[in-house]
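The values are calculated or read from the model by the stated rules, or taken from the named source; none is laboratory data. Since the structure is predicted, the reported quantities are computational estimates derived from the model, not experimental observations. Cβ: placed from backbone, ideal geometry, glycine included. Neighbour counts: every protein chain shown.
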Amino acid sequence: MKAMMDPQELARRNNENEAVWRLYQHKRELRRLLETDSSLPESVLDALDWQAAEREGREARAIGFAYPKP
């Protein structure tokens, strides 16, 4: 395990976090501008916006490989 992280890795993570935050702000602002009537509380709608921003903005990391069946 590394004691200190690589500066490039830190920069990559920071950029990824910034991209997700900007997507979240954009989604939240659009929702508020459209003023959709919803029975859900504002905190739940914000959480849904955050989840959507993370799905779009974060890199999906694969754990394994999928091999075709013979």
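Observations
Each row is one residue, and each column tells you yes or no for (1) within 16 Å of the chain's Cα centre (by Cα); (2) at pLDDT 95 or above; (3) hydroxyl-bearing (Ser, Thr, Tyr); (4) surrounded by 10 or more Cβ atoms within 10 Å (Cβ to Cβ).
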site	(1), (2), (3), (4)
Gln8	no, no, no, no
Asn17	yes, no, no, yes
Arg31	no, no, no, yes
Ala66	no, no, no, no
Pro70	no, no, no, no
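- Residue satisfying all of: in region 39-58; among the small types (Gly, Ala, Ser) and more than 27 Å from Arg12 (Cα to Cα); nearest to the chain's Cα centre (by Cα) among these: Ser43
- On the stretch given as region 1-46, residues that are under 22 Å from Arg61 (Cα atoms) and among the small types (Gly, Ala, Ser) total 2.
- Yes/no for Arg61 being surrounded by 10 or more Cβ atoms within 10 Å (Cβ to Cβ), at pLDDT below 95 and basic (Lys, Arg): no
- Evaluation of Thr36 against (1) more than 12 Å from the chain's Cα centre (by Cα); (2) under 19 Å from Glu54 (Cβ atoms); (3) not aromatic (Phe, Trp, Tyr) (one fails), failing number: (2)
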